[in-house]
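Engineer: One structure coming up, written as structure tokens, with questions to follow.
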Amino acid sequence: MSCDVCALGERGPQLIRYSLSMNDRLILVDHVPAEVCNRCGEVTLSPDVVERLQQTVWQQEPPSRVIETPVYEFA
């Protein structure tokens, strides 16, 4: 399927790492199914995947693992 953003690449299935910031916390979700353009990298998530991501984050179940993340100031 061609990319809606660049119109030059092809979108294909890929597992990605989804990240978001919530209440000054960085949250990562690994192995999220997405369509990714092989030229510009545009990521598209299906409505079902978005709904499941929201449930995962809002339920606040214990994560499968915790990693330390450095934070830098851009000055």
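Engineer: Quick one: what pairs do we get from the range 36-55, first residue closer than 19 Å to Ser21 by Cβ, second in a helix (DSSP H, G or I), C-beta under 9 Å, 6+ apart or different chains?
Structural biologist: Leu45/Leu53
Engineer: Looking at (1) surrounded by 10 or more Cβ atoms within 10 Å (Cβ to Cβ); (2) in a loop (DSSP other than H, G, I, E, B); (3) within 17 Å of the chain's Cα centre (by Cα), which is the only condition Leu28 fails?
Structural biologist: (2)
Engineer: Something else about it: Looking only at the range 6-17, decide whether some residue is of a type in the set (D, E, K, R), free of Cβ contacts under 8 Å to residues at least 24 places away in the same chain, in contact with an Asp or Glu (Cβ under 9 Å, 6 or more places away or on another chain) and loosely packed, with under 12 Cβ neighbours inside 10 Å.
Structural biologist: yes
Engineer: Continuing with this model, one more query. State which residue is surrounded by the most Cβ atoms within 10 Å (Cβ to Cβ) when the search covers only the range 31-75 and only residues that are in a loop (DSSP other than H, G, I, E, B) and hydroxyl-bearing (Ser, Thr, Tyr).
Structural biologist: Checking each candidate, the answer is Ser46.
Coordinate-derived values only; no laboratory data. In this text the structure is predicted, and so the values were computed from the model without any measurement. Counting neighbours? That spans all protein chains shown, and the Cβs are built from the backbone with ideal geometry, glycine included.
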